[in-house]
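Asker: Questions regarding the structure given below will be posed in turn.
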Amino acid sequence: MTKLDCNVTGCVHNAENCCCKNTIVVEGNAAREKCDTCCGSYDEKKGNMFRNLFKTPENRLEVECEATNCVYNKERRCSAEHIGIVGGNATEAVQTECASFRAR
C-alpha cells in the first residue's frame, strides 16, 4: 500500500491530511505533467453538514492510477511508496493533482 498525504481540505474524505477511503483513483490518462492529473475520488465538503463518520483516516491505502505516463503506474496501480495529493480548498476534482507524478 502507498503512504498518502492529502492536503485537499475541501474534500469530505480528508481528515488529518489522510483519506477516509479504502482506495482512491488518480485520473489523468494523457498526463504529461502533475497539473494534468487529479484525484478522481474527490467529493466536495459542503459546510459542516456531512462528515465521513464511517471510516477512520488512513495514511496507507490502495491507489488506482489512470496516469499511464507516470513511472509509478504499474498495471493501473501506484507503485510509489509515498504520494501527495494537493489542492487545498479545491471545490472540484480538477483543482487537485498528484504531486508525486513523474513522467516516463
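Derivation of every value follows stated rules applied to the coordinates shown; laboratory data play no part. No experiment lies behind these values; they were computed from the predicted model shown. Glycine gets a Cβ as well: all are built from the backbone with ideal geometry, and neighbour counts include every protein chain shown.
Asker: Tally Lys and Arg at +1 and Asp and Glu at -1 over the other residues with C-beta under 14 Å from the C-beta of G88: what net charge comes out?
Answerer: -3
Asker: With +1 assigned to the C-beta of every Lys and Arg and -1 to the C-beta of every Asp and Glu, and no other charges, what is the dipole magnitude of the chain about the Cα centre in debye, to the nearest 20? Intermediate results must be reported in sequence, preceding the final value.
Answerer: Details: 14 positive and 15 negative charges, 34 e Å.
For this selection, approximately 160 debye.
Asker: So, one more: What is the chain's relative contact order, in percent, from Cα pairs under 8 angstrom and six or more apart in sequence?
Answerer: This gives 39 percent for the chain.
Asker: Using the beta-carbon distance between N17 and V94 and R0 = 22 Å, what value does 1/(1 + (r/R0)^6) give for FRET efficiency, to the nearest 0.05? Numbers along the way, then the final one.
Answerer: Values: r = 21 Å, r/R0 = 0.95.
Efficiency at R0 = 22 Å is approximately 0.60.
Asker: Please list 3J(HN,Hα) in residue order for the stretch 80-95, calculated via the Karplus relation 6.51 cos²θ - 1.76 cosθ + 1.60 where θ = phi - 60°; whole Hz, with x for glycine and proline.
Answerer: Here the 3J(HN,Hα) series is 5, 5, 8, 10, x, 9, 10, x, x, 8, 3, 10, 7, 4, 5, 8 Hz.
Asker: How compact and how long is the chain, expressed as Rg and Dmax of its alpha-carbon atoms in Å?
Answerer: Rg then Dmax for the chain, in Å: 12.7, 42.
Asker: Let me ask you something else. Comparing A80, A93, A30, which has the greatest mean-square fluctuation in the GNM of the chain with Cα pairs linked when under 10 Å apart?
Answerer: Taking springs between Cα atoms under 10 Å, the residue moving most is A30.
Asker: Now, a different point. What is the spin-label model distance, in nm, from H82 to E62 if the labels are put 7 Å beyond Cα along the C-beta direction?
Answerer: For the pair H82/E62, the computed spacing is 2.5 nm.
Asker: Still on this structure: Under 5 Å between amide hydrogens, which residues at least 5 positions from C11 or on another chain qualify, with H placed 1.01 Å from N in the peptide plane?
Answerer: K45
Asker: Another one. So what's the net charge close to V63: Lys and Arg +1, Asp and Glu -1, counting the other residues with Cβ under 13 Å from its Cβ?
Answerer: After counting each charged neighbour, the total is -2.
Asker: Then there's this: Just the number, please: percent antiparallel of the DSSP beta bridges in the chain, rounded to the nearest 5.
Answerer: Around 65 percent of the beta bridges assigned by DSSP in the chain are antiparallel ones.
Asker: Further question on the same structure: Please rank S41, S100, S79, fewest neighbouring Cβ atoms within 10 Å first, as an exposure proxy.
Answerer: Least to most surrounded, the residues fall as S79, S41, S100.
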